[in-house]
Amino acid sequence: MFATSRLFTSIAAKRAFSTSAANLTKVAVIGAAGGIGQPLSLLLKESPRISELSLYDIGNAHGVAADVSHINTDSTVTGYTPKKGGLEAALKGAHVVVIPAGVPRKPGMTRDDLFNTNAGIVRDLAVAAAKYCPDAHFLIISNPVNSTVPIFAETLKKAGVFNPKRLYGVTTLDSVRASRFVSEMKHLQASDCKVNVIGGHAGVTIIPLLSQTGLKFSQEEIDALTHRIQFGGDEVVVAKDGSGSATLSMAFAGARMANAVLEATVGGKKGIIEPAYVKSDVLAKEGVEYFSTNLELGPEGIEKIHDIGEISDYEKKLITEAIPLLKGSVTKAIEFVNK
Ligand code: NAD
Ligand code: LMR
């Protein structure tokens, strides 16, 4: 009898802690029924920081939500579609909003070829976000990231609610790939291969800093790895042969980034470092407004933007090649929002 009541007291205490603590929060996935959205929602259902998972899509969000909601973790899951103010309900109260809404590439396309469709989707979502959850942390996955992030920023600016500490273009997949490709080549454990990947998220704007890994590479290896990391997305697009681009590895990467933001902002964890494509002064002298480097995350979001650090002449050349492309993507985004 005593043992049973002690057991219940301890369960009740745990429950009270886990449901009332301020370290739990609402997360929205926008585009939740898609190739990335579904596995990402599944992975986020495992997060102990999430009390409410809000899954929005223009189609099938209810089905995905019903499915994910049966997983026996404590967060509630609700599906929303545009009907009956669904977007407002999905976004209201959200602390983190992850956005993989939009079309993916087919073989032969560049990410920039997605601009015509995805720019409008991302702009409209930013208008809604400005209205319903202006203080949220926004993680943009939709391509072309080099332009969708400035589109989101400019739209929030127009509404007077842009907070550069809380807008992240998700480039985590480039670091994930780089780590795996290096570990495969060098026969090392992937967890021991951390590669700092900077720049943007498209072809030659993706810049792996292999010189900072502490590993030795021949020039041939550097050329091969750099090319593979820059064009890793194409490997998946070609292999999927018209049915889309990376979804599972992207969900893994997106969950890693969302969890990092959650741990830093609601979990109170210090010293979390992840890269993302953000409003940055790192290359301000060259006129580059958005750039990905490592970020130190804190309670308010981006606490510190790391510099590029020591790099090789080869990597300096890669940056020089990327600069006009990065600037062009931002100019195109700003023109789109202002037209
Ligand atoms: P998908 O077509 O499988 O899914 C996209 C989902 O978005 C669909 O369910 C669709 O209904 C939904 N959607 C479209 N318009 C919407 C809107 N206005 N509101 C809400 N939902 C909407 O595509 P996917 O494979 O999941 O890829 C999604 C995007 O992510 C693409 O643009 C792709 O290029 C990009 N992506 C980025 C990275 C990265 O590293 N940042 C990696 C992979 C893919
Ligand atoms: C990726 O890097 O896999 C994504 O950006 C999707 C794509 O179009 O390659």
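The values are calculated or read from the model by the stated rules, or taken from the named source; none is laboratory data. In this text, all values refer to a predicted model and were calculated from it rather than measured experimentally. In this analysis, Cβ positions are derived from the backbone assuming ideal geometry, glycine residues included, and neighbour counts consider all displayed protein chains. Calculation scope for accessible area: heavy atoms of the full protein, side chains included, ligands and nucleic acids excluded. Shrake-Rupley method; radii C 1.70, N 1.55, O 1.52, S 1.80 Å.
Any idea which of Ala119, Ala136 is touching a Lys or Arg at 6+ places or on another chain (Cβ under 8 Å) and open to solvent by less than 10 Å² (accessible area, probe 1.4 Å)?
Ala136
Can you work out which of the residues in the stretch 197-236 that are in contact with a strand residue (DSSP E or B) (Cβ under 8 Å, 6 or more places away or on another chain) and open to solvent by 10 Å² or more (accessible area, probe 1.4 Å) is nearest to Val182 (Cα to Cα)?
Step by step, filter the stretch 197-236, then rank; the result is Gln230.
Can you name every residue in the stretch 193-224 that is part of a loop (DSSP other than H, G, I, E, B), out of contact with any Asp or Glu (no Cβ under 8 Å at 6 or more places or on another chain) and more than 16 Å from ligand 1 (Cβ to nearest atom)?
Within the stretch 193-224, Cys193, Lys194, Asn196, Thr213, Gly214, Leu215, Lys216, Phe217, Ser218 qualify.
Counting only residues that are closer than 18 Å to Asn259 by Cβ and surrounded by 16 or more Cβ atoms within 10 Å (Cβ to Cβ), which one in the stretch 56-76 is nearest to ligand 1 (Cβ to nearest atom)?
Result: Val68.
Can you tell me which residues in the stretch 1-39 are open to solvent by 60 Å² or more (accessible area, probe 1.4 Å), modelled with pLDDT of 50 or more and more than 18 Å from Ala94 (Cβ to Cβ)?
Within the stretch 1-39, just Gln38 meets the criteria.
Any idea which of (1) touching a Ser or Thr at 6+ places or on another chain (Cβ under 7 Å); (2) in contact (Cβ under 8 Å) with a residue 40 or more places away in the chain; (3) under 30 Å from Leu325 (Cα atoms); (4) of a type in the set (Gly, Ala, Ser) is the one Ala130 doesn't satisfy?
(2)
So the check is Cβ under 6 Å with 6+ separation or different chains; which pairs have a first residue in the stretch 107-122 that's under 20 Å from Gly232 (Cβ atoms) and modelled with pLDDT of 95 or more and a second one that's assigned to a helix (DSSP H, G or I) and among the hydrophobic types (A, V, I, L, M, F, W, C)?
Pro107/Val237; Pro107/Val238
Among Leu53, Leu42, which is open to solvent by 60 Å² or more (accessible area, probe 1.4 Å), within 17 Å of the chain's Cα centre (by Cα) and either aliphatic (A, V, I, L, M) or away from ligand 1 (no atom under 11 Å from the Cβ) (or both)?
Criteria check complete, one pass: Leu42.
Can you name the residue in the stretch 77-108 that is away from ligand 1 (no atom under 13 Å from the Cβ) and in a strand (DSSP E or B) and, of all such residues, is most open to solvent (accessible area, probe 1.4 Å)?
Out of the qualifying residues, it is Thr78.
Can you run down the residue pairs with Cβ atoms below 7 Å, 6 or more apart or on separate chains, where the first is in the stretch 139-166 and open to solvent by 30 Å² or more (accessible area, probe 1.4 Å) and assigned to a helix (DSSP H, G or I) and the partner is among the charged types (D, E, K, R) and away from ligand 1 (no atom under 11 Å from the Cβ)?
Qualifying pairs under 7 Å: Pro164/Lys279; Lys165/Glu300.
Return the only residue of Val182, Val176 being part of a helix (DSSP H, G or I), within 14 Å of ligand 2 (Cβ to nearest atom) and modelled with pLDDT of 95 or more.
Val176
So Leu297 ticks every box in (1) away from ligand 1 (no atom under 16 Å from the Cβ); (2) open to solvent by 10 Å² or more (accessible area, probe 1.4 Å) but one. Which box is left unticked?
Condition (2) is where Leu297 drops out.
Take the stretch 247-269 and flag every residue that is without any contact (Cβ under 8 Å) to a residue 60 or more places away in the chain and surrounded by fewer than 23 Cβ atoms within 10 Å (Cβ to Cβ).
Within the stretch 247-269, Ala260, Lys269 qualify.
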